[in-house]
1. Specify the residue that is modelled with the lowest pLDDT; the eligible residues are those in segment 183-202 that are surrounded by 20 or more Cβ atoms within 10 Å (Cβ to Cβ) and of a type in the set (A, V, I, L, M, F, W, C).
2. All but one of (1) buried (at least 17 other Cβ atoms within 10 Å of the Cβ); (2) part of a strand (DSSP E or B) hold for His317, so report the exception by its number.
3. Does Lys342 count as outside any loop (DSSP other than H, G, I, E, B) and farther than 24 Å from Ser222 by Cβ?
4. Among the helices (runs of 4 or more DSSP H) confined wholly to segment 145-259, which include 2 or more residues that are out of contact with any Gly (no Cβ under 8 Å at 6 or more places or on another chain), among the aromatic types (Phe, Trp, Tyr) and not assigned by TED's automatic domain parsing to the domain that holds Thr80?
5. Say we look at segment 3-57 and pick out the residues that are of a type in the set (S, T, N, Q) and in contact (Cβ under 8 Å) with a residue 60 or more places away in the chain; which of these is surrounded by the fewest Cβ atoms within 10 Å (Cβ to Cβ)?
6. Among the numbered conditions (1) in contact with a His (Cβ under 9 Å, 6 or more places away or on another chain); (2) crowded, with 20+ Cβ neighbours inside 10 Å, tell me where Pro225 comes up short.
7. Among the residues of segment 364-382, which ones are modelled with pLDDT under 90, in a strand (DSSP E or B) and loosely packed, with under 14 Cβ neighbours inside 10 Å?
8. Could you go through segment 282-290 and let me know if any residue there is assigned to a loop (DSSP other than H, G, I, E, B) and at pLDDT 95 or above.
Amino acid sequence: MLVHLQTLGCRLNEAELETWAQDFQRSGHQITTKPEAAQLIVLNSCAVTQDAARKSRQLIRRIHRDNPQAKLVVSGCYATLNQQQAESEMGVDLVIGNQDKDKLVEKTLSELNLTSMPAQATEPGEFSLFTRGRQRAFVKVQDGCRYRCTFCIVTVARGEEKSRPIEAIIEEINTLHGQGIAEVVLTGVHLGGYGSDQGCNMADLIQAILAQTDIPRIRLGSLEPWELTDSFFELFDNPRLMPHLHLPLQSGSDSVLRRMARRCKTQEFTAIIERLRQQIPHFNVTTDIIVGFPGETEEEWQESLDFIKKTGFGHIHIFTYSRREGTKAATLPGQVNNAIKKQRSAVLHRLAEDMRQKFYQDNLEREFPVLWEGYSEACGEDRHRVFGYTPNYLKVGCIVSRDRTIENQVIHARLTETGQNWITGKLRE
């Protein structure tokens, strides 16, 4: 049977797709990137915003319209929060909530009466990665969150925290490395809460990965800043752990952070950033900021903007607040006017671009080991520009001869010139 897997939303959704792909292949089925050729389509939906929920519904309808003969399974946050609505969409054969995601392949094959080949028909380690052609893979290490930030619907959809055993994560990473993957990104809903249900923590997990795998590069997904212990910081002494963290700030105003029910004040955030940058020069810290949270006054907005300027970030994901039914923030007074939100967002986008360019400048003339990707752009008849990422997650573009292939290799490059979306580099010969 040909199976097509599709997702909307976060890296965690992508990690789940990769796991499902390998489970389907173990059961003797094939993964196809062509939805029109599939006999089974699985959609991992999103509902982080009202717009994401709308896009999930639209995608369900388009999938059915384009391939009405295929069986359609819908999972993810939209399907969990709106199960009856998802089940009523034309073409949907099965809805599997987040609580049963780890059994999705098993439930799909049994409840839809789809033939499954014996597990030994596909030997472990011989199946190709779902996202083949990529040099990195997302590895889901935990799900759920114990906290309830007032703007977040995902914690409602994902439920309580549940961590995967360290042994299972180690096994998956070793399998991925055996398939040629050079970099893994650890992901979760509340990544820093890993191990809260197993008597261990994120530092324990990373130490085990460093000790029991040979994967060259380990990255961390979005990590709440209040989770970082002394032992965690020490891990960055190992060059296999990449010096880049995405630490969601959400606002640079402590009064707004209180309304968001965030657990890290700006002073504590500053201490974390300073420690990281003292330990590793050019450590890249990226973040999320919500603009126009309910009740955000002009004074609070300016306070937030000043803090962001003072801190400096390599990149900012900017979200204009939109009311999400089912969250506490949707009931808060002082919803900010759309025109004000738009104006503040524009100001922050300009500041974010200035900070990104400054971080580029700060890294010029340095040499980094770069993991080169498969994507390239033609530059004349006999050359092409290849792209890759430094350990601190700077995108680098280098021009090489068209007959030279460096995909999935780590080769040093010196950063020579800033650009709009990447830094020009020169390969070490």
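The values are calculated or read from the model by the stated rules, or taken from the named source; none is laboratory data. Small disclaimer: the values here were computed from a predicted structure and weren't measured. Virtual Cβ from ideal backbone geometry, glycine too; neighbours counted across all protein chains shown.
1. That would be Val189.
2. Just one mismatch for His317, condition (1).
3. So Lys342 passes the test.
4. The helices (runs of 4 or more DSSP H) meeting that bar are 230-234.
5. Checking each candidate, the answer is Gln50.
6. Exception for Pro225: condition (1).
7. Tyr375, Glu377, Ala378
8. Let us first name the residues in segment 282-290 that are assigned to a loop (DSSP other than H, G, I, E, B), namely 282-283.
Filter again for at pLDDT 95 or above, leaving 283.
The answer is yes, given that some residue of segment 282-290 is assigned to a loop (DSSP other than H, G, I, E, B) and at pLDDT 95 or above.
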